[in-house]
Amino acid sequence: MPEQQSAAAVLMVRPACFGFNAQTAASNSFQHAGGEGQATALAEFEGVAHALREAGILVLIAADTPSPVKPDAVFPNNWVSFHGDGTVALYPMLAANRRLERREEIIRQVVREGGFRVSRTVDFTHHESQGKYLEGTGSLVLDRVRRVAFACSSTRTDLDVLGDFAQQLDYDLVTFDALDAEGRPIYHTNVLMAVGSAFAIVCGESMPNASHRAAVFAKLRESGHDILDISRSQMHQFAGNALELTAPSGRVLVMSSTALGSLSVPQRAQLEAHARIVEVAIPHIETIGGGGVRCMLAEIHLPKS
């Protein structure tokens with residue numbers, strides 16, 4: 001059975017020590033130092049979990065451990081992905097303190113509580129010893145139906161590891177360069193791009209290479225996606241960091257209040273033609289952590305046991 005684009009279940013990790021991660025700040029221009037605010041982050045986390053459950057999504061919550069300290073544990077999609085053929089993929093991470101987030105017991109919990117089946121584990125983490133990284137569905141934006149992986153190159157997204165991923169999981173690659181407003185490489189593809197079943201959000205303005213930009217848009221149009229081309233300013237407000245999921249009532253699109261507020265009325269209507277928008281407020285996590293709501297969700301496509 002072919003894999004569906006959007007999952008009906010997600011993994012979230014409740015943070016124990018959320019805060020500004022100095023080890024990731026050099027490559028993440030979305031991240032800003034501020035108060036640690038663990039209580040605020042927890043409140044935002046619970047709000048996301050509640051909104052998703054209210055929408056009919058199965059939310060499996062794993063608890064972060066307070067020691068060792070893992071300030072970005074709330075973003076599990078960077079270390080693990082779950083696939084429809086029963087594959088679990090583990091990814092190499094740039095920051096040493098983020099590698100601590102990879103915990104086998106969390107995968108066992110997903111299988112146990114969700115009634116899922118794992119048939120194989122593909123471990124890419126050996127690339128860390130060569131200083132090469134691929135940070136899960138942060139680095140990769142997947143068209144799961146058509147087996148296309150979109151990825152912008154950065155210190156966290158290495159072409160060699162991309163090739164390994166493509167071979168092991170049978171994906172075609174569309175790679176490109178993308179820059180933020182200051183001309184720095186954008187650290188993760190999923191802040192400038194989201195692919196749903198019938199639509200895609202893309203920040204074309206962030207792609208300085210015209211041929212790269214044309215290739216991305218052509219691949220999306222070829223597969224029939226309705227493209228919402230957002231501005232770089234909207235990208236910096238996390239408008240590209242959204243995730244389509246499947247609820248019993250139909251498709252939903254999870255977006256933050258920051259992201260939704262950046263959209264014009266016609267842009268919002270364009271997205272609502274394809275999915276019901278579930279809005280969540282996570283300004284503290286976005287500002288301090290430099291990641292959005294999509295980063296908080298590791299979608300689970302595993303088959304049932």
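Just so you know, all these numbers are worked out from the coordinates, no wet-lab data involved. All values reported here derive from a predicted model rather than from experimental measurement. Positions of Cβ are backbone-derived with ideal geometry, glycine not excepted, and every protein chain shown enters the neighbour counts.
Enumerate the amide H contacts of Leu302 below 5 Å, restricted to partners 5 or more residues apart or on another chain; note that Pro and chain-start residues carry no placed amide H.
Amide H to amide H, under 5 Å and 5 or more residues apart or across chains, Leu302 pairs with His83.
Classify segment 35-117 as rounded, prolate or oblate from the Cα gyration tensor: take a ≥ b ≥ c as the square roots of its eigenvalues, call it rounded if a/c is under 1.5, otherwise prolate when a/b beats b/c and oblate if not.
Oblate.
Of the candidates Ser197, Ser139, Ser264, which one comes out as most mobile in a Gaussian network treatment of the chain with C-alpha springs shorter than 10 Å?
Ser264
Out of these labelled values of mean projected area of the Cα convex hull in nm², (i) 15.4; (ii) 14.0; (iii) 16.4, which was calculated from the coordinates shown here?
The listed entry that was calculated here is (ii).
For Ser231, Ser211, Ser256, Ser262, which order do you get if you count the other beta carbons within 10 Å of each Cβ and list the fewest first?
Ordered from fewest to most neighbouring Cβ atoms within 10 Å, Ser231, Ser211, Ser256, Ser262 come out as Ser211, Ser231, Ser262, Ser256.
If a/c stays under 1.5 just call it rounded; otherwise compare a/b with b/c (prolate if a/b is bigger, oblate if not). Do that for segment 129-192, with a ≥ b ≥ c from the square roots of the Cα gyration tensor eigenvalues.
Judged from the Cα gyration tensor, segment 129-192 comes out oblate (a/c at least 1.5, b/c at or above a/b).
Which ³J(HN,Hα) values in Hz, rounded to whole numbers, follow from the phi angles of segment 122-129 under the Karplus curve 6.51 cos²θ - 1.76 cosθ + 1.60, where θ = phi - 60° and Gly and Pro get x?
For segment 122-129, the Karplus curve yields 9, 10, 9, 5, 5, 5, 4, 5 Hz.
Taking the Cα-to-Cβ direction at Glu128 and at Arg112 and moving 7 Å from each Cα, how far apart do the two end points lie in nm?
So the label points at Glu128 and Arg112 sit 2.4 nm apart.
Sorted from fewest to most neighbouring beta carbons within 10 Å, what does the list Met12, Met93 look like?
Met12, Met93
Straight-line reach from Lys219: which aspartates and glutamates fall under 12 Å, measuring Cα to Cα and dropping same-chain residues less than 8 apart?
Excluding near neighbours in sequence, the set is Asp143, Asp172.
On a C-alpha basis, how far is the centre of segment 53-82 from the centre of segment 232-305 in Å? Whole number, if you could?
First find each Cα centre; the distance between them is then 16 Å.
Along the charge dipole of segment 9-300, pointing to its positive end and built from +1/-1 on Cβ of Lys, Arg, Asp and Glu, which listed residue (Ser139, Ala149, Gly204) has its Cα farthest out?
Looking along the dipole axis, the top candidate is Ala149.
At 222 nm, what value in deg cm²/dmol follows for the chain if DSSP H runs of at least 4 each add -39500 (n - 2.57) and the sum is divided by all its residues, to the nearest 500?
-7000 deg cm²/dmol
Could you compute the net charge surrounding Arg147? Neighbours are other residues with a C-beta less than 14 Å from the C-beta of Arg147; K and R count +1, D and E count -1.
-3
If you restrict to DSSP beta bridges whose two residues both lie in the chain, what percentage is antiparallel, to the nearest 5? If you can, show how the numbers build up before the last one.
On the way: 21 of 46 bridges.
For the chain, the DSSP antiparallel bridge percentage is about 45.
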